[in-house]
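Enquirer: Next up is a structure, given as structure tokens.
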Amino acid sequence: MAFLMKSMLSNQVKNLGLGGGGEESKEESTPSDPAAAAGMTREEYEEYQKQVIEEKMERDAAFAQKKAERACLRVHLREKYRLPKVSL
């Protein structure tokens with residue numbers, strides 16, 4: 001019974017314009033451009049994206065180098081101590 005009364009009152013309030021109007025304006029005000037959503041101009045956003053890609057490439061290269069160094073060290077130690085190759 002309370003649920004029915006609550007839903008009826010909330011529907012009437014929404015119809016008067018006191019309730020649900022804020023939700024519609026929030027959806028309309030969201031910019032479709034990612035640069036505008038980030039608060040930057042289009043040029044700033046493109047420069048930011050280039051910088052992010054360059055940093056990712058640097059991180060990937062550093063990771064690949066560390067991985068190769070570890071593999072080289074494993075091979076060296078295996079040969080030195082005549083250890084078998086372990087399969088996981």
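Enquirer: How much accessible surface does residue 47 have with a 1.4 Å probe, in Å² rounded to 10?
Expert: Accessible area of residue 47: about 110 Å².
Enquirer: While we're looking at this one, here's another question. Work out from phi, with θ = phi - 60° and the Karplus expression 6.51 cos²θ - 1.76 cosθ + 1.60, the ³J(HN,Hα) of each residue of segment 63-72, listed in order in whole Hz, and give x for Gly and Pro.
Expert: Once θ is set to phi - 60°, the couplings for segment 63-72 become 5, 5, 5, 4, 5, 5, 5, 5, 5, 5 Hz.
Enquirer: Leaving ligands, DNA and RNA out of it, work out the accessible area of residue 75 with a 1.4 Å probe and give it in Å² to the nearest 10.
Expert: Around 70 Å² of this residue is reachable by solvent.
Enquirer: Same structure again: When the solvent-accessible surface of protein heavy atoms is calculated with a 1.4 angstrom probe, in what order do 16, 88, 77 fall, highest first?
Expert: Result of the area sort, largest leading: 88, 16, 77.
Enquirer: Next question, about the same structure. Ignoring ligands, DNA and RNA, how do 78, 59, 70 rank by accessible area with a 1.4 Å probe, largest first? Please list the in-between numbers first.
Expert: On the way: 78 65, 59 140, 70 115 Å².
Descending accessible area places them as 59, 70, 78.
The values are calculated or read from the model by the stated rules, or taken from the named source; none is laboratory data. Keep in mind the model is a prediction, meaning the values are calculated, not measured. Each accessible area value is taken on the protein alone, full model and side chains, heavy atoms only, with ligands, DNA and RNA left out. Shrake-Rupley method; radii C 1.70, N 1.55, O 1.52, S 1.80 Å.
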